[in-house]
Each structure stands twice: as structure tokens, then as C-alpha cells.
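The values are calculated or read from the model by the stated rules, or taken from the named source; none is laboratory data. Keep in mind that what you see is a predicted model, and the values were worked out from it rather than measured. Cβ atoms come from the backbone with ideal geometry, glycine included; neighbour counts cover every protein chain shown.
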Amino acid sequence: MKTFIQIFTIAALPFWLGGCSGGHGHDHSHGGHGHGSHGDHAEEEAPTEVTLSEAAIKQHQIEPLGTVKEHTLQPTFSVPARVVFNEETTAHVGTLVKGRVSDMKVHLGDTVKKGEVLFTIESPELGQAQNAFLKALDAEAAAGPAVVLAQNNAVVAQAQAEGKAAEAMLALAENPAAEVEAKGKLDSAKPALERAKDLLKSGRELAAKGALADSELKRREAAFETTAAEVRTAEAALAQAKAQKARDLASAKAKAAAAAAGLKAAEAQQAKTLSEAKSALNTAQATVATERNRLTLFGMDEEAINTLGTKRTLTPHYTVRAPRAGTVVEREVTLGENVNPSQPHLLILADLSRVWVLMEVPPKHAEGLETGQNGTLVNKETGYRTLAKLDYISPLVNLETRTVQARVELNNAQGQWRPGQFLTALLPTGTGASKTLAVPAEAVQYVDGQPTIYVPTKKVRTFKARPIAIGPEIDGWLPVTKGLKLDEKVVVKGSFVLKAEFGKAGAGHDHSH
């Protein structure tokens with residue numbers, strides 16, 4: 001449904017009529033001509049004068065009176081105009097989610113502040129987005145420990161330990177204790193063998209000369225054989241130790257190589273696992289960011305999103321708030337209605353304190369217009385009129401209307417200018433100015449279509465109506481071509497009060513007859 005607001009300003013104008021006097025002495029008491037004298041009222045005329053009370057004079061600022069003067073006026077031309085919302089202070093409010101309106105806070109004509117809740121939408125789509133966000137948080141929480149576990153891989157630690165053990169075994173195999181011991185014994189036995197050999201040689205020489213006993217020679221021979229046997233034993237032990245060293249060294253090298261290969265494989269597997277874990281964590285974090293952004297686009301603020309992550313309670317209610325202060329001037333949504341983002345708007349908020357007036361100007365007249373020039377706006381239905389400065393003139397000609405759009409901005413604090421109203425705009429023609437008698441436009445009232453001015457009489461607070469002839473309005477002034485003289489006194493402010501009082505007096509006169 002589409003509903004437009006009309007802002008009505010009802011102004012109650014209290015009038016005080018101190019007394020009415022005409023050429024025939026109208027009497028409100030009916031004493032001069034009561035209801036019984038109906039036969040004469042065709043011959044009587046409506047009152048030509050009205051007397052106001054002091055309170056009415058003061059209330060409507062009728063005094064001081066204006067003085068008719070000559071003014072230099074530039075001619076104007078009239079164009080149609082219409083009051084519209086100020087687009088700079090108007091907001092079209094829609095929805096970012098699909099759903100059903102579950103709570104409606106504002107109504108047509110309500111005035112709201114920025115940030116105030118307008119309505120709430122129950123949205124399964126928002127609930128799904130919140131659930132996806134929680135799942136993303138769970139995936140992120142699981143991916144973190146997987147990275148830590150991959151960084152502290154037990155298989156790699158075991159392979160590293162085996163590698164260190166193999167290196168220790170290789171070090172031992174390269175310098176075995178048995179070889180060292182056998183070499184030490186051999187190194188110790190060889191000098192003893194040389195001494196035994198020398199003693200045996202010298203003993204034989206002495207024995208040949210008869211200088212050494214046979215028993216000593218035999219002892220020396222036995223000692224030599226014993227020492228030689230010890231050397232042979234030491235050499236055999238050393239050979240055996242070297243052979244064992246070669247075997248142990250080969251085995252240690254094989255184990256070290258195997259440990260190195262195992263460590264390399266474990267580290268490669270760790271790198272792969274860590275890469276996969278980090279990739280999974282990055283993906284999880286990216287998903288969390290994506291889902292968080294989606295919730296933000298759905299209207300949830302940072303605090304609400306964090307609360308969702310902490311309390312883990314789905315709240316699929318999309319709250320629509322006023323993007324600016326203003327009045328609800330259009331509402332296309334009702335309680336329980338299904339809505340979606342494809343709708344141009346659900347509400348329109350407008351600041352009615354200032355409105356635009358758009359004028360359609362023929363191109364030939366638009367050439368003479370400039371921003372900053374004064375124009376007069378008239379509402380012929382209400383009588384409201386005001387001066388305003390042009391603040392925009394379109395550089396384009398509308399293809400449909402073949403006119404140039406011009407604009408003014410009006411202060412509408414009292415609400416007298418209603419969007420949708422049609423006005424008449426009086427704009428300067430740009431031609432030469434002329435000097436003429438003129439009165440403010442607000443001083444002139446139209447009585448049965450006749451321009452009328454109100455002038456004081458010699459009686460206190462008493463005024464009479466005078467028909468005048470006028471030209472087109474120029475900058476809030478009406479040129480007077482007939483009916484007034486220079487320096488004559490006229491009512492300017494509150495002339496509408498006198499029009500109303502003359503109307504009341506005339507109606508009362510007819511009724512009293």
C-alpha cells in the first residue's frame with residue numbers, strides 16, 4: 001500500500017470586532033430593524049466600514065499603517081511551481097534482508113530522531129547468516145590447535161632423537177675402545193720385543209765366547225719367545241679390533257643415513273601437514289571475516305556480532321532505524337507484511353522544516369534568470385506568499401515539458417508549505433525597471449476577484465475597503481494603476497483580518513434582516 005501524508009496547519013485567527021458602522025447604521029442588537037423587518041432588506045446595502053478593537057489592532061500588527069510610495073520595479077512573469085520534499089534532507093528507508101515485519105514502531109506523520117527504531121523484521125535469512133557465522137567461528141577455533149599440533153609433530157621429534165642416537169653411535173664407531181686398547185698393548189709389546197731380541201743376540205755372542213752360562217742364554221731365549229708371542233697376540237687383537245671397527249662403522253653409518261632419511265621424510269610430512277593446517281586456518285579466518293561482513297551488511301553492529309559469538313544465541317530480528325531525523329511522510333509497509341531488498345523503499349522520512357519549490361520556466365525566460373535573484377511564490381488557495389532566492393537553475397531543457405527547472409528553498413517551520421501543493425511563481429523578466437506607485441502584495445486582498453485595499457477613515461480604528469487596479473506582482477510589490485494616491489495610508493499587515501471582518505459583517509447584516 002502507498003500512503004502519502006498531508007501536513008495540515010490549522011490556524012485559528014481570533015478576531016475582535018469593536019463595532020461595525022455603515023451608511024445605514026447596522027445594529028447587532030436588532031433594535032433598529034429586528035427580524036420582523038424582512039420586507040426592507042432588499043433595499044439595504046452591506047456595511048462599508050468596519051471598526052476593530054484595540055486588541056485586534058495589536059494582535060495582528062495592523063498599525064503602523066503603510067504609506068503609498070513610488071517604487072522602481074522590474075516586470076515579472078509567472079510560471080507554475082510545486083512544493084516538493086527537500087531531497088537533501090529526505091531518506092528512503094528500505095530493508096537489506098528478506099522477512100516479515102514483526103513489529104511496527106512508527107506511523108504516518110510521526111516525527112522521529114536519528115537512530116530511532118522504525119520497525120523490526122523477522123528474517124530467516126538473517127538467522128541463516130548468523131548460524132553460518134557461528135559455524136565459521138567453530139571452524140576457526142578447530143583450525144588453530146591443528147596448526148600448533150603440526151608445529152610440534154611427534155614423528156619429527158622421534159626422528160630427530162633417532163638421528164642424534166645414530167650420530168652418537170657413529171662417533172663411537174669411529175674411535176672404538178677395543179682398537180685403542182689393542183694398539184696400546186701392541187705399542188707396549190714392541191719395545192719389549194726389541195729389548196728381548198737385543199739381550200738374546202748379546203747372550204749368544206757371550207755364550208759363544210764362553211762368557212755366559214747356558215741357563216742365562218736359555219732364559220733369554222725364553223723371554224724373547226714370550227715377548228714375540230705377546231707382540232703377535234697384540235697384532236692379532238689390533239687386527240681384530242680394526243675389523244670390528246669397520247663393521248661397527250658401516251652399521252653406524254647405515255643407521256645414521258636411515259635416521260637422516262627418516263628425519264627428512266618426517267620434516268617433509270610436517271611441512272605438508274603444517275601448510276594444510278595453516279591453509280585451513282586462513283580459510284576459516286577468511287570465512288569468519290566474510291560472514292561477519294555479511295552480518296554487518298544485514299544491519300548488525302560490531303557489539304551485536306560479538307555478543308552473538310559469545311552467547312551463541314540466534315536473534316534473527318532485523319531492526320530498521322531512522323538514518324536521519326524527520327517525519328514519516330510515506331509508509332508502504334504494514335505489520336505482518338513480507339518485505340525484501342528489491343523494494344525501492346518501505347518508508348520515506350523527510351525534514352519538513354525546509355522544502356523545495358520547483359518551477360518550470362520556458363527557455364526564453366530562463367536565459368534572463370540567475371541564481372540569487374528574488375522570486376515571489378503565491379499559494380492562491382491559502383493566500384500565503386513569500387519572497388525567496390533562486391538557488392538552482394537547471395542547465396538542461398526537460399525533453400517532455402520543454403521547460404527549464406528552477407528551484408528555491410523555503411523555511412517551512414510553520415508547515416504552511418505542503419509538499420504536493422501547486423503554486424504560482426513570479427520571476428523577474430530581466431527587462432528594464434520602471435517607477436510606479438506600489439503597495440506590498442500582502443496589503444491587497446481579493447474580494448470576489450476584485451483587488452481590494454483597506455484604508456483608514458477619520459473614525460478611530462475604523463477602516464473601509466477600496467477597490468483598486470493593479471499590475472502583475474514584482475518582487476512582493478503590486479503596481480497600483482488606479483485607486484490610490486501618493487502618500488496615502490493603507491493597511492499592510494493584517495489586511496486579511498479586515499477582509500474576514502467585512503465578510504462577517506456582511507453575513508451578519510444579511511442574517512439580521
Any residue at all in the range 436-457 that is within 30 Å of residue 88 (Cα to Cα), surrounded by 17 or more Cβ atoms within 10 Å (Cβ to Cβ) and either in contact with a helix residue (DSSP H, G or I) (Cβ under 7 Å, 6 or more places away or on another chain) or of a type in the set (D, E, K, R) (or both)?
no
Answer with yes or no whether residue 474 is farther than 26 Å from residue 54 by Cα, assigned by TED's automatic domain parsing to the domain that holds residue 377 and at pLDDT 95 or above.
no
Mind listing whichever residues of the range 85-129 are surrounded by 15 or more Cβ atoms within 10 Å (Cβ to Cβ), polar (S, T, N, Q) and under 27 Å from residue 409 (Cα atoms)?
86, 89, 90
Please count how many residues of the range 178-219 are touching a residue at least 12 places away in the same chain (Cβ under 8 Å), over 30 Å from residue 242 (Cβ atoms) and not aliphatic (A, V, I, L, M).
3
For the range 362-459, list the strands (runs of 3 or more DSSP E) that sit wholly inside it and hold at least 2 residues that are among the hydrophobic types (A, V, I, L, M, F, W, C); which are they?
374-378, 385-393, 404-411, 422-428, 434-440, 450-456
Go over the candidates 216, 276, 235, 267 one by one and state the one that is assigned to a helix (DSSP H, G or I) and at pLDDT 85 or above.
216
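Of everything in the range 242-300 that's of a type in the set (S, T, N, Q) and under 30 Å from residue 115 (Cβ atoms), which residue is farthest from the chain's Cα centre (by Cα)?
Once the filter is applied, the top-ranked residue is 290.
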Determine whether residue 408 is touching a helix residue (DSSP H, G or I) at 6+ places or on another chain (Cβ under 7 Å) and not assigned by TED's automatic domain parsing to the domain that holds residue 325.
no
Could you go through the range 329-337 and let me know if any residue there is more than 28 Å from residue 423 (Cα to Cα), touching a helix residue (DSSP H, G or I) at 6+ places or on another chain (Cβ under 7 Å) and in contact (Cβ under 8 Å) with a residue 12 or more places away in the chain.
no
Just wondering, is there one or more residues in the range 351-366 that are in contact with a strand residue (DSSP E or B) (Cβ under 6 Å, 6 or more places away or on another chain), surrounded by fewer than 17 Cβ atoms within 10 Å (Cβ to Cβ) and under 19 Å from residue 78 (Cα atoms)?
yes
Condition test on residue 167, is it touching a Lys or Arg at 6+ places or on another chain (Cβ under 9 Å), acidic (Asp, Glu) and at pLDDT 75 or above?
no
Is at least one residue of the range 160-173 under 46 Å from the mean Cα position of the chain (by Cα) and surrounded by 14 or more Cβ atoms within 10 Å (Cβ to Cβ)?
no
What are the pairs with Cβ atoms under 6 angstrom where one residue, in the range 297-310, is at pLDDT 90 or above and the other, located anywhere, is among the polar types (S, T, N, Q) and assigned to a helix (DSSP H, G or I)? Sequence gap at least six, or different chains.
308/130
Sole miss for residue 300 among (1) touching a His at 6+ places or on another chain (Cβ under 8 Å); (2) in a loop (DSSP other than H, G, I, E, B); (3) crowded, with 20+ Cβ neighbours inside 10 Å is condition (1)
Only one of (1) of a type in the set (A, V, I, L, M, F, W, C); (2) part of a loop (DSSP other than H, G, I, E, B); (3) surrounded by 12 or more Cβ atoms within 10 Å (Cβ to Cβ) is not met by residue 211, so which one is it?
(3)
Looking at (1) modelled with pLDDT of 85 or more; (2) of a type in the set (A, V, I, L, M); (3) part of a helix (DSSP H, G or I); (4) surrounded by 15 or more Cβ atoms within 10 Å (Cβ to Cβ), find the lone condition where residue 192 falls short.
(1)
Of the residues that make up the range 316-327, is at least one more than 16 Å from residue 115 (Cα to Cα) and hydroxyl-bearing (Ser, Thr, Tyr)?
no
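Looking only at residues in the range 395-417 that are of a type in the set (Gly, Ala, Ser) and at pLDDT below 95, which one is farthest from the chain's Cα centre (by Cα)? Before the answer, list the steps.
First pass over the range 395-417, keeping only residues of a type in the set (Gly, Ala, Ser): 406, 413, 415.
Cutting the leftovers down to at pLDDT below 95 gives us 413, 415.
On the way: 413: 28, 415: 30 Å.
Among residues in the range 395-417 that are of a type in the set (Gly, Ala, Ser) and at pLDDT below 95, the one farthest from the chain's Cα centre (by Cα) is 415.
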Just give me the residues in the range 23-77 being aliphatic (A, V, I, L, M), part of a loop (DSSP other than H, G, I, E, B), closer than 22 Å to residue 503 by Cβ and modelled with pLDDT of 50 or more, in sequence order.
46, 62, 65
